[in-house]
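The values are calculated or read from the model by the stated rules, or taken from the named source; none is laboratory data. All values derive from a computational prediction rather than experimental measurement. Here the Cβ is made from the backbone with ideal geometry for all residues, glycine too, and neighbour counts use every protein chain on show. Ligands, DNA and RNA are excluded from the accessible area calculation, which covers all protein heavy atoms including side chains. Shrake-Rupley method; radii C 1.70, N 1.55, O 1.52, S 1.80 Å.
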Amino acid sequence: MARAVIRRLVFGLIAVAGVVALAFVLEFVVPGDPAKAIAPRAQSPAVLAGIRAQLHLNRPVIVQFADYLGGLLHGNLGTSYVQRQSVASLIGPRLLTTGVLALAGVVAEVIIGGALGILATLFGWARALVGAVNLTLLAIPIFVLGLLLLLVFGFRFGIAPVTGGAGPAQLVLPALTLGLIGAPWYAQIVADQMQDSLASSYIRTAVSKGLSDSYILRRHVLRNVLSPAITMVGLDLGAYLSGVVTVEVVFVWPGIGLLAVNALHDLDRPIVLGTVIVGAVAVVFFNLVADVLRMFVDPRTREGV
Amino acid sequence: MRIAGAGNAPALEISGLNVRYGPVHAVFDACLTVGAGQVVALIGETGSGKSSLALAAAKLLPNSAAVTGQVSIAGREVSGLDAGEFRRIRAGLLGCIAQDAMASLNPVVPVGRQVGEVFAVHAGMGRRQAAEAAVAALAQVEIHNPAAVARLYAHQLSGGMRQRVMIAMAMALSPPLIVADEPTTALDVSTQAEILRLIGELRARVRCGLLWITHDMGVVAELADWAAVMYAGRIVEVGPVERVFDAPAHPYTLGLLQTRRDLRSGPVGAPLFQIPGSPPGPGEDPGGCPFRPRCPRATEVCAEVDPGLEPVGADGGLASGEHRAACHHPAAAPAGPADAPAAAP
Amino acid sequence: MSLAPALGREAPGAPAAAAGRGGRARRRWPWQLVAGAVVLAGCAGLAIAAPLFGSPSHQDLLHALGPTGLPVGPSARYPLGADLLGRSELVRLVYGIRVSLIVAVVSNATSIVIGAAVGLLAGYFRGPVEQFLMRFTDIGLALPYTLAGLVIASVMAAGMTRVIVIITVLFWSYPARLVYGEVLRLRQRGFVEAGEAMGAGGLAIVRRHLAPHVTTMMIAYSPLNAASAVAFEATLSYLSAGINPPTASLGNMISDGQLAISYAPLLVIAPGLAIMALTLAFLLVGEGVKAFNPDLRRLSWLGR
């Protein structure tokens with residue numbers, strides 16, 4: 001089991017390294033003068049040259065890359081052009097904010113999707129309905145759904161807050177949006193796995209042992225659903241985090257996503273790059289967590305078999 | 001744990017059992033008895049309805065199957081019970097051993113827990129007690145180091161060990177009836193022999209009735225007291241094993257035994273005996289005796305009337321009523337000279 | 001399960017009426033395919049006829065904005081009302097649909113061509129080439145693509161080119177992974193060995209043995225990819241990382257309209273429905289194509 005985990009870790013680090021290299025390329029090699037971005041109104045060439053020297057932009061590219069890497073390892077993601085703060089200090093406090101939203105969204109999508117999948121499996125009349133719901137949810141872009149929910153629950157019925165913020169009341173709609181968008185995937189997995197389980201012989205064995213339907217569902221069927229669901233969370237992370245970014249913008253949730261999008265408007269490239277690196281690391285890390293979790297839940301995925 | 005009053009009542013009594021899957025009539029009016037402590041082998045090829053009969057008796061068929069008829073286990077009428085009532089008492093009445101142990105065990109739950117469930121849910125044991133009882137049950141089926149094995153998962157065990165686990169689960173509460181659906185078919189020959197021996201011993205110790213479904217006549221000869229032969233959804237012959245094997249009355253049984261004899265002791269190089277033709281497909285019911293197209297003794301009456309099980313006359317020894325066959329021209333009775341054999345279409 | 005070649009010659013005996021059993025001519029067209037194609041054709045028609053509707057940047061300050069300066073609602077002159085700058089919502093909608101279609105078609109083609117090429121090369125040549133290419137693909141698959149899109153957006157000027165580049169860069173790894181898997185499967189079935197044994201050179205093998213399978217798969221995958229492209233372009237434009245105003249894109253129309261959502265919800269709802277209609281149409285076409293060959297059921301839609 002340890003061997004598999006280490007292998008995943010190595011691949012993950014390679015992926016992150018790739019992202020870092022790309023980020024460096026974009027930051028330092030692509031045309032666009034950082035000095036002008038920092039001091040847009042400066043006219044004097046001497047001032048601009050001074051800024052460039054401060055940013056070590058006059059050194060050879062290799063040295064800049066080494067500096068960059070060194071800085072990264074120390075948690076230094078560069079300095080914002082616009083806000084005069086280190087990128088890390090801007091991202092740091094928002095990690096938790098985004099994390100809370102992301103967690104709430106995952107819980108929502110697993111629960112909503114799972115409920116839909118279970119409904120569709122156990123009740124014949126629900127199957128077509130759930131299918132239609134799934135198709136609609138798949139076709140709707142996440143920000144349209146978010147705005148729709150905001151319109152209905154925020155403006156029409158006034159039960160949800162319409163201003164930004166990071167409180168529990170403000171968490172509901174964005175988490176719900178993330179949950180609804182992701183639900184069809186989990187509904188599909190849960191329905192498929194449940195059908196496989198219910199048709200399998202070990203359910204017949206369980207019935208022959210006189211176990212009740214609810215016991216069988218709880219202790220036998222749903223356990224078998226966990227493993228593919230966890231796999232899905234892991235595979236899905238990249239797309240899921242993208243959704244989190246968009247949702248933060250729609251609902252003005254002050255997390256990393258909103259930070260990145262605003263930085264884009266302000267042409268503040270270091271922040272954008274910093275967030276991507278953080279995002280890549282998060283994907284790798286949580287993928288690992290998902291893998292380990294899955295090994296706990298499904299003994300067949302442990303090494304050696 | 002064992003249902004009170006089981007005593008000497010027959011372990012299983014089936015009468016008038018019919019099983020239909022939609023338009024397909026899989027089991028016709030089956031009547032079968034398994035005495036207390038008796039082993040009855042239910043013999044038939046694939047599609048004969050033997051599994052359907054057993055599953056119907058054990059109430060393990062899906063709701064889409066229509067089952068009618070009477071079923072009693074250990075003297076207790078169960079066919080009339082609704083699902084909930086039966087569920088509560090079934091573990092103490094009836095144990096089931098399936099054919100494919102790998103598919104019949106939950107892959108993500110340790111096997112010890114799967115055995116322990118029976119104790120926890122039906123014998124009211126707490127978790128630790130149930131776990132201990134499970135280990136004891138595994139020891140009963142001759143698993144070495146049962147405590148360690150209890151923690152393993154199905155895919156980590158060999159075929160023979162998995163089958164032992166199934167046996168332990170079925171016999172956990174010492175039920176008066178065990179229904180086993182070809183439990184040794186998937187095993188290699190030596191393991192098969194061990195499992196047979198084990199089942200024989202356990203059964204004798206616990207004194208339960210055993211309905212053993214198989215297509216392997218060798219197993220029947222070794223283990224069974226009684227044999228029932230099924231063809232096209234009907235029981236076509238039933239009786240004590242020695243009588244059925246030595247003096248088969250139904251031409252199908254005769255054919256099966258002949259095939260087996262040729263396989264085992266026929267001259268090398270000689271063609272194997274084969275019953276000509278093939279059994280009717282599901283849903284095919286041309287009327288009359290279903291074996292008629294393949295039967296060397298068939299006459300006109302066979303085309304019109306579906307024979308029921310009738311006692312076959314015996315000369316000496318057992319009471320003749322015990323050996324029955326569904327045939328207009330059972331072997332023990334001489335064929336009438338007036339009935340010319342009809343040509344099979 | 002391996003993918004059957006085109007025409008479903010080797011498709012397993014699937015019970016579905018539309019499953020391939022030879023005899024293409026007698027198959028019933030699945031309703032998904034028809035419905036989706038009809039909607040797409042309609043949108044294409046609108047897109048081509050867009051100039052007939054008027055100019056999307058024409059501002060009618062006199063009639064489109066009411067006495068308080070707020071845009072008017074649906075009326076004879078402005079069937080979908082006006083937006084905050086006095087432009088006709090309907091006209092912009094039609095132009096937005098046009099943009100979405102163009103982006104979907106072009107970025108779909110580029111991402112699939114690049115992805116399939118990478119997958120083919122990696123699967124055929126194996127060894128270090130394979131490792132190198134697949135590691136790239138893994139990176140592509142792991143990225144949170146909205147964030148990555150923002151990065152690319154930060155170094156390019158707003159417009160259709162930017163959006164197409166972003167989509168291509170972020171989407172090619174999916175078809176690459178699919179094609180790679182398929183090539184490996186085909187290898188396993190001996191196609192490549194057989195070709196080599198017959199003395200065929202690398203290119204010939206690729207062309208005659210691998211390409212047909214891969215092409216079928218990519219044709220089936222295209223509608224799904226296009227659906228994702230429509231959704232992603234809308235998201236990017238919404239975040240101002242794609243096409244920015246005044247050029248009309250369904251995404252940026254929504255971000256503009258968001259400001260007026262409480263009193264003019266149509267400004268958000270209309271483009272929203274248009275995006276959904278396009279996405280759904282592509283999805284249905286994709287489902288319909290899959291019905292021709294049940295082996296393709298594995299292909300799933302990757303978009304958020």
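Numbers for the structure displayed
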item	result
Conditions (1) within 23 Å of B:G95 (Cβ to Cβ); (2) free of Cβ contacts under 8 Å to residues at least 60 places away in the same chain: number failed by B:D246	(1)
Selected residue (only one of B:L17, B:L42 is hydrophobic (A, V, I, L, M, F, W, C), buried (at least 16 other Cβ atoms within 10 Å of the Cβ) and within 14 Å of the chain's Cα centre (by Cα))	B:L42
Subset of the range B:93-113 [of a type in the set (S, T, N, Q), more than 8 Å from chain A (Cβ to nearest Cβ) and touching a helix residue (DSSP H, G or I) at 6+ places or on another chain (Cβ under 7 Å)]	none
Test: residue in the range A:37-56 that is within 14 Å of chain C (Cβ to nearest Cβ), at pLDDT below 70 and either open to solvent by less than 50 Å² (accessible area, probe 1.4 Å) or in contact with a His (Cβ under 6 Å, 6 or more places away or on another chain) (or both)	yes
Total residues in the range A:197-231, condition more than 11 Å from every other protein chain (Cβ to nearest Cβ) and free of Cβ contacts under 8 Å to residues at least 60 places away in the same chain	4
Tabulated pairs, the range A:2-25, first part of a helix (DSSP H, G or I), second exposed (fewer than 14 other Cβ atoms within 10 Å of the Cβ), C-beta under 6 angstrom, 6+ apart or interchain	A:R3/A:E303; A:A4/A:E303
Matching residues in the range B:189-244 - criterion: being farther than 20 Å from B:R324 by Cα and charged (D, E, K, R)	B:E194, B:R197, B:E201, B:R203, B:R205, B:R207, B:D216, B:E222
Qualifying residue in the range A:241-253 (condition: open to solvent by 10 Å² or more (accessible area, probe 1.4 Å) and more than 8 Å from every other protein chain (Cβ to nearest Cβ))	yes
Residue list for the range A:3-23, filter: more than 10 Å from chain C (Cβ to nearest Cβ), in contact with a helix residue (DSSP H, G or I) (Cβ under 9 Å, 6 or more places away or on another chain) and open to solvent by 70 Å² or more (accessible area, probe 1.4 Å)	A:R8, A:L9, A:L13
Subset of the range B:119-136 (residues that are charged (D, E, K, R) and more than 14 Å from chain A (Cβ to nearest Cβ))	B:R128, B:E132
Complete set of residues in the range B:226-260 that are among the small types (G, A, S) and touching a Lys or Arg at 6+ places or on another chain (Cβ under 7 Å)	B:G239
Candidate set: the range C:48-89, residues that are modelled with pLDDT of 80 or more and crowded, with 18+ Cβ neighbours inside 10 Å; chosen: the one nearest to C:I102 (Cα to Cα)	C:A50
Strands (runs of 3 or more DSSP E) enclosed by the range B:5-58 - at least 1 residues per element that are acidic (D, E)	B:12-21, B:24-34
Residue within the range C:173-196 that is farther than 29 Å from C:L33 by Cα, at pLDDT below 85 and not in a helix (DSSP H, G or I) present	yes
Criterion violated by A:H265 - all others in (1) surrounded by fewer than 18 Cβ atoms within 10 Å (Cβ to Cβ); (2) more than 10 Å from every other protein chain (Cβ to nearest Cβ) satisfied	(2)
Selection within the range B:59-87 - surrounded by fewer than 17 Cβ atoms within 10 Å (Cβ to Cβ) and of a type in the set (S, T, Y)	B:S64, B:T68
Which listed residue is out of contact with any strand residue (DSSP E or B) (no Cβ under 7 Å at 6 or more places or on another chain), within 14 Å of chain A (Cβ to nearest Cβ) and modelled with pLDDT under 85, from B:L61, B:L81	B:L81
Verdict on C:A122 being surrounded by fewer than 17 Cβ atoms within 10 Å (Cβ to Cβ), closer than 18 Å to C:V183 by Cα and among the small types (G, A, S)	no
Residue among B:V268, B:V219, B:V206 that is at negative phi and touching a residue at least 60 places away in the same chain (Cβ under 8 Å)	B:V219
Any hit, the range C:130-146, residues being out of contact with any Lys or Arg (no Cβ under 6 Å at 6 or more places or on another chain) and away from chain A (no Cβ under 14 Å)	yes
Some residue of the range C:125-137 being part of a helix (DSSP H, G or I), modelled with pLDDT of 85 or more and open to solvent by less than 20 Å² (accessible area, probe 1.4 Å)	no
Criterion (modelled with pLDDT of 90 or more and out of contact with any Leu (no Cβ under 9 Å at 6 or more places or on another chain)) met by exactly one of B:A204, B:A148	B:A148
Some residue of the range A:289-296 being within 9 Å of chain C (Cβ to nearest Cβ), open to solvent by 10 Å² or more (accessible area, probe 1.4 Å) and touching a residue at least 24 places away in the same chain (Cβ under 8 Å)	no
Per-region count, the range A:152-164, residues part of a helix (DSSP H, G or I) and either within 11 Å of chain C (Cβ to nearest Cβ) or of a type in the set (G, A, S) (or both)	4
Cross-chain or 6+ apart pairs with Cβ under 8 Å, the range A:102-127 first and free of Cβ contacts under 8 Å to residues at least 24 places away in the same chain, then open to solvent by 40 Å² or more (accessible area, probe 1.4 Å)	A:A126/A:L119
Hits in the range A:268-283 - residues which are more than 12 Å from C:A148 (Cα to Cα), modelled with pLDDT of 80 or more and facing another protein chain (nearest Cβ under 10 Å)	A:I271, A:A282, A:V283
Number of the exception - B:R90 against (1) away from every other protein chain (no Cβ under 12 Å); (2) without any contact (Cβ under 8 Å) to a residue 60 or more places away in the chain; (3) surrounded by 23 or more Cβ atoms within 10 Å (Cβ to Cβ)	(1)
Enumerated strands (runs of 3 or more DSSP E) restricted to the range B:121-240, each holding at least 2 residues that are open to solvent by less than 30 Å² (accessible area, probe 1.4 Å) and of a type in the set (D, E, K, R)	B:234-240
Pairs with Cβ under 7 Å, 6+ apart, first in the range C:265-292 and free of Cβ contacts under 8 Å to residues at least 40 places away in the same chain and over 18 Å from C:F232 (Cα atoms), second among the acidic types (D, E) and surrounded by fewer than 24 Cβ atoms within 10 Å (Cβ to Cβ)	none
